[in-house]
Amino acid sequence: MISTKDQTLLPNTKILQTICKAISALDAILSQEWEYRYYSYNNKWSDHEEFFEMRDGSGNQMLILFPQNGCVINGFAHEYTQQSKQQLTTNLPSIFNEFIFGEPVNSIGTTFCLWTIEEKNWQTGPLESYEDNSKEMLSIFNGNPQTYIDWATEYFEDSYKETGIPLETVAKIYTGETLTKEMVLTIVEEIEDWEQLETDLLEIGYSHNFN
(Lines give C-alpha, C1' and ligand atoms only; values in the text may rest on other atoms or scores of the structure.)
Protein backbone atom coordinates (compact mmCIF):
# COMPACT_ATOMS: atom_id res chain seq x y z
CA MET A 1 0.00 0.00 0.00
CA ILE A 2 1.01 3.62 -0.50
CA SER A 3 2.99 5.06 2.41
CA THR A 4 6.10 7.08 3.10
CA LYS A 5 7.95 3.76 3.14
CA ASP A 6 6.68 2.89 -0.33
CA GLN A 7 6.08 6.22 -2.04
CA THR A 8 6.79 4.64 -5.42
CA LEU A 9 3.11 3.63 -5.44
CA LEU A 10 1.97 7.27 -5.37
CA PRO A 11 0.70 8.38 -8.79
CA ASN A 12 2.41 11.19 -10.67
CA THR A 13 1.37 14.77 -9.99
CA LYS A 14 -1.16 14.99 -12.84
CA ILE A 15 -3.00 11.82 -11.84
CA LEU A 16 -2.87 12.75 -8.15
CA GLN A 17 -4.41 16.13 -8.95
CA THR A 18 -7.19 14.47 -10.96
CA ILE A 19 -7.99 12.15 -8.05
CA CYS A 20 -7.99 15.04 -5.57
CA LYS A 21 -10.47 16.98 -7.70
CA ALA A 22 -12.64 13.89 -8.21
CA ILE A 23 -13.00 13.00 -4.54
CA SER A 24 -13.58 16.65 -3.62
CA ALA A 25 -16.36 16.87 -6.23
CA LEU A 26 -17.89 13.67 -4.85
CA ASP A 27 -17.77 15.05 -1.31
CA ALA A 28 -19.47 18.24 -2.55
CA ILE A 29 -22.30 16.12 -3.98
CA LEU A 30 -22.69 14.02 -0.85
CA SER A 31 -22.51 16.97 1.56
CA GLN A 32 -23.55 20.49 0.62
CA GLU A 33 -22.35 21.60 4.06
CA TRP A 34 -18.61 22.28 3.65
CA GLU A 35 -17.78 21.64 7.30
CA TYR A 36 -18.96 18.02 7.02
CA ARG A 37 -16.82 17.19 4.02
CA TYR A 38 -13.64 15.14 4.34
CA TYR A 39 -11.97 16.26 1.12
CA SER A 40 -11.89 19.72 -0.44
CA TYR A 41 -10.01 21.43 -3.26
CA ASN A 42 -9.27 25.03 -4.20
CA ASN A 43 -7.95 25.62 -7.73
CA LYS A 44 -7.32 29.31 -6.97
CA TRP A 45 -5.34 28.91 -3.74
CA SER A 46 -2.90 31.55 -4.99
CA ASP A 47 -1.37 32.64 -8.27
CA HIS A 48 -0.27 29.48 -10.08
CA GLU A 49 -0.97 27.22 -7.07
CA GLU A 50 -3.81 24.83 -6.26
CA PHE A 51 -4.59 23.26 -2.90
CA PHE A 52 -6.16 20.07 -1.56
CA GLU A 53 -7.14 19.33 2.03
CA MET A 54 -8.22 16.25 3.95
CA ARG A 55 -9.57 16.68 7.46
CA ASP A 56 -11.37 14.07 9.52
CA GLY A 57 -12.75 16.28 12.28
CA SER A 58 -10.68 14.46 14.89
CA GLY A 59 -7.41 16.30 14.40
CA ASN A 60 -5.92 14.44 11.43
CA GLN A 61 -5.20 16.55 8.36
CA MET A 62 -3.45 16.27 5.04
CA LEU A 63 -2.60 19.35 2.98
CA ILE A 64 -1.32 19.14 -0.59
CA LEU A 65 0.05 22.00 -2.64
CA PHE A 66 0.12 21.86 -6.44
CA PRO A 67 2.36 24.60 -7.83
CA GLN A 68 3.08 24.76 -11.55
CA ASN A 69 5.95 22.31 -11.20
CA GLY A 70 5.83 19.49 -8.69
CA CYS A 71 3.79 18.80 -5.59
CA VAL A 72 4.26 18.62 -1.81
CA ILE A 73 2.17 16.67 0.72
CA ASN A 74 2.02 17.45 4.44
CA GLY A 75 0.35 14.90 6.69
CA PHE A 76 -0.50 15.25 10.36
CA ALA A 77 -1.82 12.37 12.47
CA HIS A 78 -2.55 13.71 15.94
CA GLU A 79 -2.24 10.34 17.72
CA TYR A 80 1.21 9.63 16.31
CA THR A 81 4.59 10.81 17.56
CA GLN A 82 6.13 13.59 15.51
CA GLN A 83 9.77 13.18 14.65
CA SER A 84 11.96 16.17 13.88
CA LYS A 85 10.37 18.30 11.16
CA GLN A 86 13.87 19.28 10.06
CA GLN A 87 14.61 15.61 9.49
CA LEU A 88 11.30 14.95 7.75
CA THR A 89 12.03 17.76 5.31
CA THR A 90 15.71 17.04 4.65
CA ASN A 91 16.47 18.05 1.03
CA LEU A 92 13.03 19.64 0.61
CA PRO A 93 13.24 21.94 -2.45
CA SER A 94 13.17 25.59 -1.41
CA ILE A 95 10.08 26.28 -3.55
CA PHE A 96 8.05 24.38 -0.93
CA ASN A 97 9.50 26.14 2.15
CA GLU A 98 6.84 28.84 2.39
CA PHE A 99 4.07 26.24 2.37
CA ILE A 100 5.64 23.67 4.70
CA PHE A 101 7.08 26.14 7.22
CA GLY A 102 4.34 28.76 6.95
CA GLU A 103 0.67 28.77 7.88
CA PRO A 104 -1.52 26.82 8.21
CA VAL A 105 0.92 23.87 8.01
CA ASN A 106 3.16 25.17 10.80
CA SER A 107 0.28 25.37 13.30
CA ILE A 108 -1.21 22.03 12.25
CA GLY A 109 1.98 20.00 12.53
CA THR A 110 3.80 17.43 10.42
CA THR A 111 4.10 13.69 10.90
CA PHE A 112 5.04 12.98 7.29
CA CYS A 113 6.07 14.98 4.25
CA LEU A 114 6.43 13.92 0.62
CA TRP A 115 7.38 15.93 -2.43
CA THR A 116 8.22 15.68 -6.11
CA ILE A 117 9.53 18.11 -8.70
CA GLU A 118 7.90 17.83 -12.12
CA GLU A 119 7.77 14.12 -12.94
CA LYS A 120 10.67 13.00 -10.77
CA ASN A 121 10.19 10.35 -8.12
CA TRP A 122 8.47 11.12 -4.84
CA GLN A 123 10.87 11.84 -2.00
CA THR A 124 10.83 12.16 1.77
CA GLY A 125 13.37 12.87 4.46
CA PRO A 126 15.03 10.09 6.51
CA LEU A 127 12.35 8.06 8.31
CA GLU A 128 12.33 6.61 11.80
CA SER A 129 11.00 3.12 12.39
CA TYR A 130 7.68 4.14 13.98
CA GLU A 131 4.41 4.56 12.12
CA ASP A 132 3.25 7.93 10.78
CA ASN A 133 -0.28 6.97 9.61
CA SER A 134 0.67 7.74 6.00
CA LYS A 135 -0.60 4.34 4.85
CA GLU A 136 -4.14 5.13 5.97
CA MET A 137 -4.15 8.75 4.79
CA LEU A 138 -2.57 8.13 1.38
CA SER A 139 -4.55 4.99 0.50
CA ILE A 140 -7.29 7.05 -1.20
CA PHE A 141 -4.79 7.87 -3.96
CA ASN A 142 -4.50 4.32 -5.31
CA GLY A 143 -6.64 5.32 -8.31
CA ASN A 144 -9.39 2.78 -7.60
CA PRO A 145 -12.90 4.36 -7.50
CA GLN A 146 -14.06 1.50 -5.26
CA THR A 147 -11.69 2.74 -2.55
CA TYR A 148 -13.62 6.01 -2.36
CA ILE A 149 -16.97 4.21 -2.47
CA ASP A 150 -16.04 1.89 0.40
CA TRP A 151 -14.94 4.82 2.53
CA ALA A 152 -17.80 7.19 1.63
CA THR A 153 -20.46 4.51 2.14
CA GLU A 154 -19.60 4.53 5.82
CA TYR A 155 -18.66 8.20 6.25
CA PHE A 156 -21.68 9.66 4.44
CA GLU A 157 -24.19 7.11 5.71
CA ASP A 158 -27.77 7.99 4.66
CA SER A 159 -26.59 10.80 2.34
CA TYR A 160 -26.74 8.74 -0.85
CA LYS A 161 -29.43 6.72 -2.61
CA GLU A 162 -30.59 3.46 -1.05
CA THR A 163 -29.07 1.60 -3.97
CA GLY A 164 -25.64 2.83 -2.90
CA ILE A 165 -22.96 4.99 -4.50
CA PRO A 166 -22.70 3.76 -8.12
CA LEU A 167 -19.30 2.58 -9.29
CA GLU A 168 -20.05 3.59 -12.89
CA THR A 169 -20.59 7.25 -11.95
CA VAL A 170 -17.64 7.42 -9.59
CA ALA A 171 -15.40 5.87 -12.23
CA LYS A 172 -16.46 8.58 -14.70
CA ILE A 173 -15.70 11.31 -12.16
CA TYR A 174 -12.30 9.73 -11.49
CA THR A 175 -11.46 10.24 -15.16
CA GLY A 176 -12.62 13.88 -15.06
CA GLU A 177 -15.72 13.37 -17.21
CA THR A 178 -17.97 16.45 -17.31
CA LEU A 179 -20.47 16.19 -14.47
CA THR A 180 -24.16 16.39 -15.42
CA LYS A 181 -27.34 16.57 -13.35
CA GLU A 182 -28.12 13.03 -14.43
CA MET A 183 -24.80 11.80 -13.04
CA VAL A 184 -25.33 13.65 -9.75
CA LEU A 185 -28.78 12.12 -9.34
CA THR A 186 -27.40 8.60 -9.64
CA ILE A 187 -25.58 9.31 -6.35
CA VAL A 188 -28.14 11.30 -4.33
CA GLU A 189 -31.93 11.55 -4.40
CA GLU A 190 -31.85 15.32 -4.73
CA ILE A 191 -29.64 18.38 -4.46
CA GLU A 192 -31.03 21.12 -2.25
CA ASP A 193 -29.02 23.91 -3.88
CA TRP A 194 -27.72 23.38 -7.42
CA GLU A 195 -26.19 26.85 -7.51
CA GLN A 196 -24.15 26.01 -4.42
CA LEU A 197 -22.92 22.81 -6.06
CA GLU A 198 -21.91 24.77 -9.15
CA THR A 199 -20.01 27.24 -6.97
CA ASP A 200 -18.24 24.37 -5.24
CA LEU A 201 -17.32 22.73 -8.54
CA LEU A 202 -15.95 26.02 -9.87
CA GLU A 203 -13.74 26.31 -6.79
CA ILE A 204 -12.57 22.74 -7.29
CA GLY A 205 -12.04 23.31 -10.97
CA TYR A 206 -14.16 20.31 -11.94
CA SER A 207 -15.92 20.37 -15.33
CA HIS A 208 -19.72 20.36 -15.16
CA ASN A 209 -22.79 21.15 -17.27
CA PHE A 210 -26.14 21.34 -15.48
CA ASN A 211 -28.16 22.77 -18.42
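The values are calculated or read from the model by the stated rules, or taken from the named source; none is laboratory data. Computed from a predicted model, the values in this text were never measured in an experiment. Every residue, glycine as well, gets a Cβ built from its backbone with ideal geometry; the counts of neighbours run over all protein chains shown. All accessible areas refer to the heavy atoms of the entire protein, side chains included, with ligands and DNA or RNA removed. Shrake-Rupley method; radii C 1.70, N 1.55, O 1.52, S 1.80 Å.
Worth a mention:
- Only helices enter this figure: runs of n ≥ 4 DSSP H residues, each worth -39500 (n - 2.57), summed and divided by the residues of the chain, yield -9000 deg cm²/dmol at 222 nm to the nearest 500.
- Normalised per residue, the accessible area of the chain is 51 Å², obtained with a 1.4 Å probe and no contribution from ligands, DNA or RNA.
- Percent carbon-and-sulfur accessible area, the chain, ignoring ligands, DNA and RNA, probe 1.4 Å: 44 percent
- Nearest 10 degrees, 0 to 90: helix 145-155 Cα axis against the chain principal axis: 80 degrees
- Virtual spin-label span in nm between Glu189 and Lys14, 7 Å along Cα→Cβ: 4.2 nm
- For the range 142-211 and the range 1-75, distance of Cα centres in Å: 16 Å
- Per DSSP, loop GluC sites (Glu not before Pro) in the range 4-89 with at most 10 further Cβ within 10 Å: Glu33, Glu79
- Beta-bridge orientation, the chain: approximately 90 percent antiparallel, per DSSP, counting only bridges with both partners inside.
- Restricting the trypsin sites (Lys or Arg not before Pro) of the range 120-193 to loop positions (DSSP other than H, G, I, E, B) with no more than 13 neighbouring Cβ atoms within 10 Å leaves Lys120, Lys161.
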